[in-house]
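Colleague: Dumping the structure here so I can ask a few things about it.
The values are calculated or read from the model by the stated rules, or taken from the named source; none is laboratory data. Everything numeric in this text was worked out from a predicted model, so none of it was measured. Heads up, the Cβs are rebuilt from the backbone with ideal geometry, glycines too, and the neighbour counts pull from every protein chain shown.
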Amino acid sequence: MKLALVISSLGGGGAERVMTLLANAWAARGDEITLITLASGDMDTYRLDPAVRRVALDVAGASAHVFAAIGHNAVRIHALRRAIAGCRPDAVISFIAESNVRVLLATIGLGVPVIISERTFLNGHHMRGVWRALRRWLYPRAAAVVAQTRRCADDLEAVTGCRVEVIANPVLPESAPAARVCDAGPGEPAARGNARTLLAVGRLSPEKGFDLLIEAFARVADSQHDWKLVILGEGPLRADLERRIAQHDLGRRIALPGFDAHVRAAMRRADLFVLSSRYEGFPNALLEAMAEGAACVSFDCDAGPRELIEHGENGWLVPSGDVPALADAFDALMRDAGLRERIGHRARAVIATYALPAILDQWDALVMSVQPSPAMRVVQP
């Protein structure tokens, strides 16, 4: 297959991580893959297979006012059109709402099937004004629309009126033996001696709920004095989260080391993993932590955690946004190493359902299903 994959950037994030996984898997299999971003390649934080052709358009950036935004988006759409037409793909796959709209506009008249994918819970991602109108108008024109969970698909169908396929995110097998260790090197999220690590991973942004996580950890910090919290990720709320940590005088117990491209190793070392999101599209971090055999506790937010966790069996679910309940869950799991070991062991079973080959087969089948007849293909700049 010849595929063009489009996303805003390859900066740190779940959608970016999944697109990189898919691109590398297709390229390793021998498919001809071009990955296009609006941002420059300087923002890349995930490693692509050398066989993937990388096209960084370097046309991203903020606009000072609405007229500038119109002009900038015209430039982006034109650049996308040239890049897509130039690689003559069998299909285009686009991730994330605004990129999806731009790609659908850019490919009008090219005769190339476009598959678009929403990557977050729709009610948590409020497209406004002209973007919302364009989504309603353009999404039904896509060859296929993909969501990561049935709940997200139902919501998207209600908004756009088009059929939505469900393809979950893939996960690679556990990256190394799942034994917990407590002698990680400097700066790594496992401490020396008898200390235990509660790990969270995600962009430092409102939807990830790290403010709620800090409040919950503060409630158990005194009674669970041998535990520390590590939040891996970067984002706009760093200063706010640092203030919250200082207010609780927990600077020595809560760490914000920044983005880490090797989160699977961090998950493997952690004693407990937490997902504190207010909403998700599909919780990549939770899936990967479970694949590593980590004991996981999660808010029962929309959407995704309930599809991965059976409460008390392979993980722990807490009512969404309930800080006292999250603190109670921490206390119960932190006190019981045997319980953590049992649910962590059962969590690894997610690998069978969400293995990369199985998910890749679903994408392959979808790409084949949208192929036009040879007479319909146009593809011109």
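Colleague: Here are some conditions: (1) among the hydroxyl-bearing types (Ser, Thr, Tyr); (2) touching a residue at least 12 places away in the same chain (Cβ under 8 Å); (3) over 30 Å from Leu232 (Cβ atoms). Ser63 meets all but one. Which one does it not meet?
Modeller: (2)
Colleague: Ser94 versus (1) touching a strand residue (DSSP E or B) at 6+ places or on another chain (Cβ under 8 Å); (2) surrounded by fewer than 19 Cβ atoms within 10 Å (Cβ to Cβ): which is the lone unmet condition?
Modeller: Just one mismatch for Ser94, condition (2).
Colleague: Give the residue, chosen from Glu307, Glu341, Glu242, that is surrounded by fewer than 24 Cβ atoms within 10 Å (Cβ to Cβ), at pLDDT below 95 and not assigned by TED's automatic domain parsing to the domain that holds Thr20.
Modeller: Only one candidate qualifies: Glu307.
Colleague: Right, something else. Consider segment 201-229. How many of its residues are assigned to a strand (DSSP E or B), more than 19 Å from the chain's Cα centre (by Cα) and either in contact (Cβ under 8 Å) with a residue 40 or more places away in the chain or outside the structural domain of Leu272 (by TED's automatic domain parsing) (or both)?
Modeller: Of the residues in that region, 1 qualify.
So that you can scan it fast, the table gives a plain yes or no per residue for (1) under 21 Å from Val220 (Cβ atoms); (2) out of contact with any Lys or Arg (no Cβ under 9 Å at 6 or more places or on another chain):
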{"position": "Ala239", "(1), (2)": "no, yes"}
{"position": "Ala255", "(1), (2)": "yes, no"}
{"position": "Gly304", "(1), (2)": "no, no"}
{"position": "Val318", "(1), (2)": "yes, yes"}
{"position": "Pro324", "(1), (2)": "yes, no"}
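Colleague: May I pose another question? If you check Ala329, Ala289, which single one turns out to be small (Gly, Ala, Ser), assigned to a helix (DSSP H, G or I), within 23 Å of the chain's Cα centre (by Cα) and buried (at least 18 other Cβ atoms within 10 Å of the Cβ)?
Modeller: Going through Ala329, Ala289 in turn, the sole match is Ala289.
Colleague: Only one residue in Phe121, Phe95 is in the same structural domain as Glu16 (by TED's automatic domain parsing) and modelled with pLDDT of 95 or more, so which one is that?
Modeller: Details: Phe121 fails: modelled with pLDDT of 95 or more.
Result: Phe95 is the single residue among Phe121, Phe95 that is in the same structural domain as Glu16 (by TED's automatic domain parsing) and modelled with pLDDT of 95 or more.
Colleague: Right, next: For segment 12-24, state whether one or more residues are part of a loop (DSSP other than H, G, I, E, B) and in contact (Cβ under 8 Å) with a residue 12 or more places away in the chain. Can you show your working first?
Modeller: Narrowing segment 12-24 to residues part of a loop (DSSP other than H, G, I, E, B): 12-13.
After this cut, where a residue has to be in contact (Cβ under 8 Å) with a residue 12 or more places away in the chain as well, the list is 12-13.
Checking segment 12-24: at least one residue is part of a loop (DSSP other than H, G, I, E, B) and in contact (Cβ under 8 Å) with a residue 12 or more places away in the chain.
Colleague: For segment 73-93, state whether one or more residues are within 23 Å of Gly235 (Cβ to Cβ) and of a type in the set (Asp, Glu).
Modeller: Looking through segment 73-93, none of the residues is within 23 Å of Gly235 (Cβ to Cβ) and of a type in the set (Asp, Glu).
Colleague: Let me ask another. When you check Pro189 against the structure, is it outside the structural domain of Leu241 (by TED's automatic domain parsing) and either at pLDDT 95 or above or surrounded by fewer than 18 Cβ atoms within 10 Å (Cβ to Cβ) (or both), yes or no?
Modeller: Details: outside the structural domain of Leu241 (by TED's automatic domain parsing): yes; either at pLDDT 95 or above or surrounded by fewer than 18 Cβ atoms within 10 Å (Cβ to Cβ) (or both): no.
Against the criterion (outside the structural domain of Leu241 (by TED's automatic domain parsing) and either at pLDDT 95 or above or surrounded by fewer than 18 Cβ atoms within 10 Å (Cβ to Cβ) (or both)), Pro189 does not qualify.
Colleague: Right, next: Please count how many residues of segment 51-79 are under 23 Å from the mean Cα position of the chain (by Cα) and closer than 17 Å to Lys2 by Cα.
Modeller: 4
Colleague: Kindly list the number of the only condition in (1) of a type in the set (S, T, N, Q); (2) within 22 Å of Asp364 (Cα to Cα); (3) touching a His at 6+ places or on another chain (Cβ under 7 Å) that fails for Ser63.
Modeller: (2)
Colleague: I'd like to verify a number: residues in segment 5-53 that are surrounded by fewer than 22 Cβ atoms within 10 Å (Cβ to Cβ), small (Gly, Ala, Ser) and within 19 Å of Leu287 (Cβ to Cβ), how many?
Modeller: Number of matching residues: 1.
Colleague: OK, next. Here is a list: Gly321, Gly315, Gly281. Which entry is small (Gly, Ala, Ser) and free of Cβ contacts under 8 Å to residues at least 60 places away in the same chain?
Modeller: Gly315 is the lone residue from the list that is small (Gly, Ala, Ser) and free of Cβ contacts under 8 Å to residues at least 60 places away in the same chain.
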